[in-house]
1. Output yes when any residue across the stretch 264-285 is in contact (Cβ under 8 Å) with a residue 40 or more places away in the chain, closer than 23 Å to Arg32 by Cβ and outside any helix (DSSP H, G or I), and no when none is.
2. Of all the residues that make up the stretch 106-133, how many are in a helix (DSSP H, G or I) and within 21 Å of Arg63 (Cβ to Cβ)?
3. Any residue in the stretch 136-152 that's in contact (Cβ under 8 Å) with a residue 12 or more places away in the chain: show its pairings with residues that are aliphatic (A, V, I, L, M) and surrounded by fewer than 16 Cβ atoms within 10 Å (Cβ to Cβ) at Cβ separation under 8 Å, as long as the two are six or more apart or on different chains.
4. Looking at the stretch 168-190, can you tell me whether even one residue there is under 28 Å from Pro66 (Cα atoms), surrounded by fewer than 23 Cβ atoms within 10 Å (Cβ to Cβ), among the charged types (D, E, K, R) and out of contact with any His (no Cβ under 8 Å at 6 or more places or on another chain)?
5. Being touching a residue at least 60 places away in the same chain (Cβ under 8 Å) and not hydrophobic (A, V, I, L, M, F, W, C) is the filter; apply it to the stretch 233-257 and report the residue that is farthest from Ile298 (Cα to Cα).
6. Can you tell me which condition Arg216 does not meet? The list is (1) more than 19 Å from Gly106 (Cα to Cα); (2) modelled with pLDDT of 95 or more; (3) among the basic types (Lys, Arg), and all the others hold.
7. So which residues in the stretch 146-161 are surrounded by 15 or more Cβ atoms within 10 Å (Cβ to Cβ) and modelled with pLDDT of 95 or more?
8. Mind counting the residues in the stretch 86-100 that are of a type outside the set (A, V, I, L, M) and in a loop (DSSP other than H, G, I, E, B)?
Amino acid sequence: MTNEPTRDGAAGATPCRLCGGPTAPAFSARDRNHRISPESFRYVSCAACGTLTLADVPADLGRYYPASYYGVPDSADAAVARDENAAHRLELLRGLVPQGRLVEIGPSYGGFLELARRAGYDVSAIELDAGCCRFISEQLRLPVTQSDDPAAALTGPYDAIVMWHVLEHLADPAALIASAAAALAPGGMLIAIAPNPESLQLKLLGGRWAHVDAPRHLALIPLAALAGEGAKHGLEVAWSTTADEDALRSNNFGWSGSLAASTQNETVARGLRLGGELVRIAVAPVERRGQRGASYTIALRKPSR
């Protein structure tokens, strides 16, 4: 992996954020996506489950989420239109859970949530950001709970709990998996999308991989580790992939974003993004095999009684 200079400190002293196991140094990374600061952040790898954990979480982590991180739509239709992933995620949901009570964790401005409501689901949300909560409540007129602890905010029973690129931001992902398992109705599904730390891109790019997104991503959890954590609470893998539409978009951003982030010159960056697209095309046959895509989608089912 590509390494950058790290801060001082014993990386092995940081326990795995998923399973609590011992860790060893993996790589370091800077905030290449938003450039909030020039600091370097250490990631460590768990010997037991393979999860990558951010070792030195900033005390002021909130400042690494700039106002532009979200961006405010001006209507429900605009919220749906700006979410290029909403339609195929809804198609995935309908194939797994055709109807019922749905909660989305971390919906941002609720584009997917609104589309699910229009498809007939009984929807609600749990969201950290106050502005997003206000939009969901006032513009979408949907129930939303503002909370920085989604595990505690889940009430249930839910037929579906969905979280699209949320787990990697959580201080305690294991607690959320446990809470979600308890909150699901029998036969219900927990559906999640997350960056894939077993991807070809991470192996080649290391700390320069755009999906590391230091320091906002606190843990990069392997698909098998997440499945194992679910199994501890009685959840079974119903479906998983690293080659769906979400993964294809992640592949593109992973190559283009990683290369473009190496410069602050926008003209050069445009050329590098194009170069990243050419790399993506060249390695696409490899990324589609053996769980090498830049992200994975997994559906965990709670058995029916």
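The values are calculated or read from the model by the stated rules, or taken from the named source; none is laboratory data. Since this is a predicted model, take the numbers as computed values, not measurements. Every residue, glycine among them, receives a Cβ derived from its backbone with ideal geometry; neighbour counts consider all protein chains shown.
1. The initial filter retains those residues of the stretch 264-285 that are in contact (Cβ under 8 Å) with a residue 40 or more places away in the chain, namely 264, 283.
With the extra rule that they be closer than 23 Å to Arg32 by Cβ, the set shrinks to 264, 283.
Subsequent filtering for residues that are outside any helix (DSSP H, G or I) retains 264.
Yes, the stretch 264-285 has at least one match.
2. First, the residues of the stretch 106-133 that are in a helix (DSSP H, G or I): 111-118, 130-133.
Next, only the ones that are within 21 Å of Arg63 (Cβ to Cβ) stay: 130-133.
Number satisfying all stated conditions: 4.
3. Gln146/Ala130; Ala151/Ala175
4. There is at least one residue in the stretch 168-190 that is under 28 Å from Pro66 (Cα atoms), surrounded by fewer than 23 Cβ atoms within 10 Å (Cβ to Cβ), among the charged types (D, E, K, R) and out of contact with any His (no Cβ under 8 Å at 6 or more places or on another chain).
5. Within the stretch 233-257, the first condition is being touching a residue at least 60 places away in the same chain (Cβ under 8 Å), and the residues that meet it are 234-239, 244-246, 249, 257.
From what's left, not hydrophobic (A, V, I, L, M, F, W, C): 234, 236, 244-246, 249, 257.
Numbers: Gly234: 15, Glu236: 10, Asp244: 11, Glu245: 13, Asp246: 12, Arg249: 16, Gly257: 24 Å.
Ranking the candidates gives Gly257 first.
6. (1)
7. Going through the stretch 146-161, the residues surrounded by 15 or more Cβ atoms within 10 Å (Cβ to Cβ) turn out to be 146-147, 149-151, 153-154, 156, 158-161.
Across the stretch 146-161, the qualifying residues are Gln146, Ser147, Asp149, Pro150, Ala151, Ala153, Leu154, Tyr158, Asp159, Ala160, Ile161.
8. First, the residues of the stretch 86-100 that are of a type outside the set (A, V, I, L, M): 88-89, 91, 94-95, 98-100.
From what's left, in a loop (DSSP other than H, G, I, E, B): 98-100.
Within the stretch 86-100, residues that are of a type outside the set (A, V, I, L, M) and in a loop (DSSP other than H, G, I, E, B) number 3.
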